[in-house]
Amino acid sequence: MKNKSGQKRIYLIGFMTSGKTTLGKILANVLGWDFYDLDKVIEEEQKMAVHEIFTNKGEEFFRNYEVEKLKELSEKEYVVISLGGGTPTNDFVIDFINQNGFVIYLTVKPENLYKRLKNKIDRPLFRDLVLSENIAEEEFTKKISALLSAREKFYKKADLEISSDATRIGKTVDFIARKLHGVIDEKT
């Protein structure tokens, strides 16, 4: 773990359905900090779900808007911010969050991601696979693995990696809180 003491922002990154939002809400509560889910902030402002923004306005619009909202939220202190799975997958964003806070990467194995994604139609990159009638688990998992592999070079730049495969959420939050002791700036 990198020595980044005095941090006032925690960013949660990882593949879609890795538990960033669920864990982030609990972690923020434990720390007494505010919580923001970047995708939810965007959906509220755009009055559309992420997959609708992708369809109606395009991925490029979404990614540009996402960076602007991330910068805006990063002006706040004592916050836990959950990023979308694709948010930190460029050099600017991963460097930005590393410079502005403590970054935690929640890891999940592809086979577990498949179980979490196989029925979700709100994920733009997997929507077509979920909606197709005869998609094989192997093909779906292969697509997950390929996308995860492409994104990991960015995810691995996090300050801390934690598996969110099978550990109970409470234990994971306790573990993170112990790891953060002395790293974050305690809110007074």
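The values are calculated or read from the model by the stated rules, or taken from the named source; none is laboratory data. This is a predicted model, so every value here is computed, not measured. Here the Cβ positions follow ideal geometry from the backbone for every residue, glycine too, while neighbour counts run over all protein chains shown.
A few comments on the model shown:
- Counted as qualifying within the stretch 14-121 are the helices (runs of 4 or more DSSP H) with 1 or more residues that are more than 24 Å from LYS171 (Cβ to Cβ), namely 38-46, 50-57, 59-73, 91-100.
- Close pairs from the stretch 164-184: first among the small types (Gly, Ala, Ser), partner in a loop (DSSP other than H, G, I, E, B), Cβ under 9 Å, at least 6 apart: SER164/GLY14; SER164/SER18; SER164/GLY19; SER164/VAL108; GLY182/SER5
- Residues located in the stretch 155-171, provided they are surrounded by fewer than 18 Cβ atoms within 10 Å (Cβ to Cβ) and of a type outside the set (A, V, I, L, M, F, W, C): LYS156, LYS157, GLU161, SER163, ASP165, THR167, ARG168, GLY170, LYS171
- Taking each residue of the stretch 103-124 that is under 23 Å from VAL183 (Cβ atoms) and modelled with pLDDT of 75 or more and looking for partners that are in a strand (DSSP E or B) and small (Gly, Ala, Ser) with beta-carbon atoms closer than 6 Å, six or more apart or interchain, yields THR107/SER163.
- Selection status of THR172, more than 30 Å from ASN29 (Cβ to Cβ), part of a helix (DSSP H, G or I) and either among the polar types (S, T, N, Q) or modelled with pLDDT of 90 or more (or both): no
- Contact map, the stretch 78-94: residues that are surrounded by fewer than 20 Cβ atoms within 10 Å (Cβ to Cβ) and of a type in the set (A, V, I, L, M) paired with residues that are at pLDDT 95 or above and part of a strand (DSSP E or B), Cβ distance under 9 Å, separation 6+ or inter-chain. No pairs are found.
- Of all residues in the stretch 157-169, those satisfying the criterion of being outside any loop (DSSP other than H, G, I, E, B) and either in contact with a Phe, Trp or Tyr (Cβ under 6 Å, 6 or more places away or on another chain) or more than 21 Å from THR87 (Cβ to Cβ) (or both) are GLU161, ILE169.
- When VAL79, VAL67 are checked against the criterion of being among the hydrophobic types (A, V, I, L, M, F, W, C), modelled with pLDDT of 95 or more and in contact with a Leu (Cβ under 8 Å, 6 or more places away or on another chain), a single residue qualifies: VAL79.
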